[in-house]
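The values are calculated or read from the model by the stated rules, or taken from the named source; none is laboratory data. Here the structure is a predicted model, which is why all the values come from computation and not from measurement. Heads up, the Cβs are rebuilt from the backbone with ideal geometry, glycines too, and the neighbour counts pull from every protein chain shown.
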Amino acid sequence: MDKYIIDECLGLDTLAERIVVREKDSNKTYLLSKMELMDMATTVVAYQEYLPLMKLSYENVALYFDIFTSFDHKISATFINLISEYFPMGNLDIYLQKLRNNKNALNNQLVDIWFAQILDGLMFLWNQNIVHRNLKPDCIYLRGENNEENCSLIIGDIIPLSVAYDLRMRTRLPRRALSYTAPEILESGQYTIQSDIYSLGCILLDMITCDTLTDEETLQLRICARHDASTLSETLQNLQNVHETIPALIGQMVVPNPEERLKEEDFLHDEYIIESMHNIDSSQMKYPSLSDKKQTRNDLVNNEKFEYYLNYLKQHRNAESRIEYAIQLCNQSKSIDLSSLAMCFQKDIIPIVEHFLSNLIIIENTLELLIKIIHNDTIITSQIVTFIRKIIPLYENNEDIIKKITDILIVLATQNEKLLNNARIASHLVQIMTKHEHNADISAKCCTLLWLMAKDSMTNELRDHQATILSILLKILQNHSDNSDLFTKVCFAFLPFVFEKSTVDYLVQFNLVRYFTIGLQKHNDNCQAIKAALAVLSELFKLDERCVMRFLCSRSNDGTLLDSMESLNKIFDRFKNYIDIARGILTLLKSMSSYDDAIDEMISTKIDENLLYEIKRFHSENDDIAQTCEHIMTCIRQRRAIS
């Protein structure tokens, strides 16, 4: 310490006490970092481990000039003292905090340059078999003068193993500093290049959220990302418009499992990283020539093996234009092995595509690929439903995308409706139905989905949206009154709700009985529509007499009173040979037979002398039809006797 003069004490941070010093002989200014360690033995080991750092000389790595140990007898403390390059412009953390306080964004061009400079310094260290172990914004310094944006970034505060594992050092770290540390460090203490990559991802997250998140919000996000990637994924999706590529990279770097994290070799093949490193003239990368790039794309066109497409996607997983190109070619290919595609779709394709959810071409072609393999059992999983659920809010106004999505969901629900219910897809489905109530095709698909999701058991999520769903079904019936197929599907979608206690109250509000009655008459030439309407009306009549009266007193849109009983005669005349129709009519009449007003209507229309007689005569060989006819006729005779 005799060689140096103290100019300024900067204070104690998470790593060391920082002091600005001047060398007596040269009058040059340096930074003294005074680190207190556990004991003299640890200090001696740290001294030996720091010595190789004295030899490092690279543009984006801080220079170390001297190292010595010291001992404070008053407090019985040992110190390792590092003399390194001094950066009067401060560190990245200070500058990002300044931007965050003013809610200013970091320029994207500067993000690209600074990311490349940090990575350039790290790759140099990795190539020297050195792991940083302490990567966070306050360990990255600004080299330059006057204006931060004209500065370059320099990596400093590298720590060796002995310092990283020193108990005194570890217990001094606050949670903010620890939030940049990879999860495996806290679990096993194993520092690797992968742990540096995790920390770099956290730094990138800080760089692109200066104008959108507070310091506390980014801290909580980093903490949550250790245990649950979904919170981070949602944030990164919202940041796709902020930077085209960085959010996708962060999503692959800030991954709790180091095995699933982006690896050092992945940086060497990423188009965006290669270009960014090329722009700063980094010596750590090998740059492909334009002819190499063109040849790679030509090979992709000429080689239709799925494995080749997959390798290409993995190699260029962060290059949006290349992913778009490869997904399109893969979808257009007529010779792709669909079984191989199905095996790799969830593990390999979805993680890549999820970083480009806002790219319409990528999503459209990915969905078309999924449709080709959706009947494969390996695809019927919750991961596929989760992937689809992420897409819906982004494309809920795009009819073509929504049609593809609903087709996929119908297949999934047919195989296992619990997948959709567990993923809470109902709220998204309601949103789609609301936006596309005038589109008959989408409405029909959504009605089918509703029925598949609720036919076995009603979920709480569907109950929560019951009023909205019934309102939408009413609008669909109003908007597409001539569409028999859609009317049938609305009936099926409505049927599971009949058994809910609150349905009758909603029926009074929405008057759905009237529209089912109108539909029964309007579509009396469509067997499926008739059976569906009869089934719905029969169940409604069992619930409440008001439903029966609305059936008997319904009017058409022009105000004409509908002859509901006569419509049943016409339906039977048209479909005499269909035993299901006969059973449906009898079930309907039987459900009405417990109400006096309904029996009076049957008497006035002489339904026992014509319709019941014809049904009983035409299907005389069927015992259950004969018994039901007799039951209704008995109710009519009893009512006549009382009258």
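Filtered by the rule that a residue be touching a residue at least 24 places away in the same chain (Cβ under 8 Å) and out of contact with any strand residue (DSSP E or B) (no Cβ under 9 Å at 6 or more places or on another chain), segment 99-114 gives Leu99, Arg100, Lys103, Asn104, Ala105, Leu106, Asn107, Asn108, Leu110, Val111, Asp112.
Among residues that are among the small types (Gly, Ala, Ser), under 25 Å from Lys418 (Cα atoms) and surrounded by fewer than 24 Cβ atoms within 10 Å (Cβ to Cβ), Ala529 is not included. Tell me, please, whether a residue that is more than 22 Å from Asn526 (Cβ to Cβ) and not assigned by TED's automatic domain parsing to the domain that holds Asn526 can be found in segment 571-590. The answer is yes; a qualifying residue exists.
Quick one: would you say Val548 is modelled with pLDDT under 90, assigned to a helix (DSSP H, G or I) and in contact with a Lys or Arg (Cβ under 7 Å, 6 or more places away or on another chain)?
no
Within segment 111-147, how many residues turn out to be among the small types (Gly, Ala, Ser) and within 36 Å of the chain's Cα centre (by Cα)?
Step one: filter segment 111-147 for residues among the small types (Gly, Ala, Ser), giving 116, 121, 144.
Checking which are within 36 Å of the chain's Cα centre (by Cα) leaves us with 116, 121.
Summing the residues that are among the small types (Gly, Ala, Ser) and within 36 Å of the chain's Cα centre (by Cα) in segment 111-147 gives 2.
Of all residues in segment 59-85 being among the acidic types (Asp, Glu) and in a strand (DSSP E or B), which is nearest to the chain's Cα centre (by Cα)? Filtering segment 59-85 for residues that are among the acidic types (Asp, Glu) and in a strand (DSSP E or B), the one nearest to the chain's Cα centre (by Cα) comes out as Glu85.
A quick yes/no check of all residues on (1) assigned by TED's automatic domain parsing to the domain that holds Lys435; (2) among the aromatic types (Phe, Trp, Tyr); (3) modelled with pLDDT under 90; (4) crowded, with 20+ Cβ neighbours inside 10 Å:
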| position | (1), (2), (3), (4) |
| --- | --- |
| Ile469 | yes, no, no, yes |
| Leu473 | yes, no, no, yes |
| His480 | yes, no, no, no |
| Asp485 | yes, no, no, no |
| Lys489 | yes, no, no, yes |
| Phe497 | yes, yes, yes, yes |
| Asp505 | yes, no, yes, no |
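Does Ser538 satisfy being within 55 Å of the chain's Cα centre (by Cα), assigned to a loop (DSSP other than H, G, I, E, B) and either buried (at least 20 other Cβ atoms within 10 Å of the Cβ) or among the small types (Gly, Ala, Ser) (or both)? Criteria not met by Ser538. Evaluating Asn238 against the criteria (1) within 23 Å of Met123 (Cβ to Cβ); (2) surrounded by fewer than 16 Cβ atoms within 10 Å (Cβ to Cβ) leaves one unmet condition, (1).
Listed here are the residues, each with its yes/no results for (1) under 21 Å from Lys55 (Cβ atoms); (2) touching a Pro at 6+ places or on another chain (Cβ under 9 Å); (3) surrounded by fewer than 21 Cβ atoms within 10 Å (Cβ to Cβ).
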residue	(1), (2), (3)
Leu122	yes, no, no
Asn129	yes, no, yes
Cys151	no, no, no
Leu178	no, no, yes
Ala182	no, yes, no
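Scanning segment 595-632 for residues that are in contact (Cβ under 8 Å) with a residue 40 or more places away in the chain and of a type in the set (Gly, Ala, Ser) turns up just one, Ala598. Quick one: is Ile130 touching a strand residue (DSSP E or B) at 6+ places or on another chain (Cβ under 6 Å), at negative phi, touching a residue at least 12 places away in the same chain (Cβ under 8 Å) and β-branched (Val, Ile, Thr)? So Ile130 fails the test.
Would you be able to say whether some residue in segment 72-94 is within 20 Å of Val163 (Cα to Cα) and basic (Lys, Arg)? Checked against the condition, which is being within 20 Å of Val163 (Cα to Cα) and basic (Lys, Arg), segment 72-94 yields no hits at all.
In segment 212-240, how many residues are in a helix (DSSP H, G or I), among the aliphatic types (A, V, I, L, M) and more than 18 Å from Leu394 (Cβ to Cβ)?
Taking segment 212-240 as the starting set, the residues that turn out to be in a helix (DSSP H, G or I) are 215-225, 229-238.
When the remaining residues are screened for being among the aliphatic types (A, V, I, L, M), the result is 219, 221, 223, 225, 229, 232, 236.
Next cut, more than 18 Å from Leu394 (Cβ to Cβ) only: 219, 221, 223, 225, 229.
Within segment 212-240, residues that are in a helix (DSSP H, G or I), among the aliphatic types (A, V, I, L, M) and more than 18 Å from Leu394 (Cβ to Cβ) number 5.
Listed by first and then second residue, the pairs linking a residue in segment 50-71 that is under 20 Å from Val20 (Cβ atoms) to a residue that is of a type in the set (Lys, Arg), with Cβ atoms under 8 Å apart and 6 or more places separating them unless they lie on different chains, are Asp66/Lys3; Ser70/Lys34.
When you scan segment 31-58, how many residues do you find that are assigned to a loop (DSSP other than H, G, I, E, B) and more than 16 Å from Ile130 (Cα to Cα)? Working first, answer last.
Looking only at segment 31-58, we keep the residues that are assigned to a loop (DSSP other than H, G, I, E, B), and these are 38-39, 56-57.
This time we only want the ones that are more than 16 Å from Ile130 (Cα to Cα), so: 38-39.
Final tally of qualifying residues: 2.
Considering only residues in segment 256-269 that are over 14 Å from Thr192 (Cβ atoms) and among the hydrophobic types (A, V, I, L, M, F, W, C), the one that is modelled with the lowest pLDDT turns out to be Leu268. Every condition in (1) surrounded by fewer than 17 Cβ atoms within 10 Å (Cβ to Cβ); (2) over 27 Å from Leu239 (Cβ atoms) holds for Leu394 except the one numbered (2).
When Phe575, Phe541, Phe551 are checked against the criterion of being over 26 Å from Phe499 (Cβ atoms) and in contact with a helix residue (DSSP H, G or I) (Cβ under 9 Å, 6 or more places away or on another chain), a single residue qualifies: Phe575.
Summed over segment 247-275, the residues that are closer than 20 Å to Tyr312 by Cα and in contact (Cβ under 8 Å) with a residue 24 or more places away in the chain give a count of 16.
Do you know which residues across segment 1-30 are part of a strand (DSSP E or B) and β-branched (Val, Ile, Thr)?
As a first pass, look at segment 1-30 and keep what is part of a strand (DSSP E or B): 4-12, 17-23, 29-30.
Those that are part of a strand (DSSP E or B) and β-branched (Val, Ile, Thr): Ile5, Ile6, Ile19, Val20, Val21, Thr29.
For segment 507-517, the set of residues classified as modelled with pLDDT under 85 and not aliphatic (A, V, I, L, M) consists of Gln509, Phe510, Asn511, listed by residue number.
Give segment 366-389 a look and list any residue that's closer than 19 Å to Ile327 by Cα and at pLDDT 90 or above, or say none.
Taking segment 366-389 and keeping what is closer than 19 Å to Ile327 by Cα, we get 366-374, 379, 384, 387-388.
Listed by number, the residues that qualify are Thr366, Leu367, Glu368, Leu369, Leu370, Ile371, Lys372, Ile373, Ile374, Ile384, Phe387, Ile388.
Just one of (1) more than 30 Å from Asn483 (Cβ to Cβ); (2) in the same structural domain as Ser502 (by TED's automatic domain parsing) fails for Lys531. It is (1).
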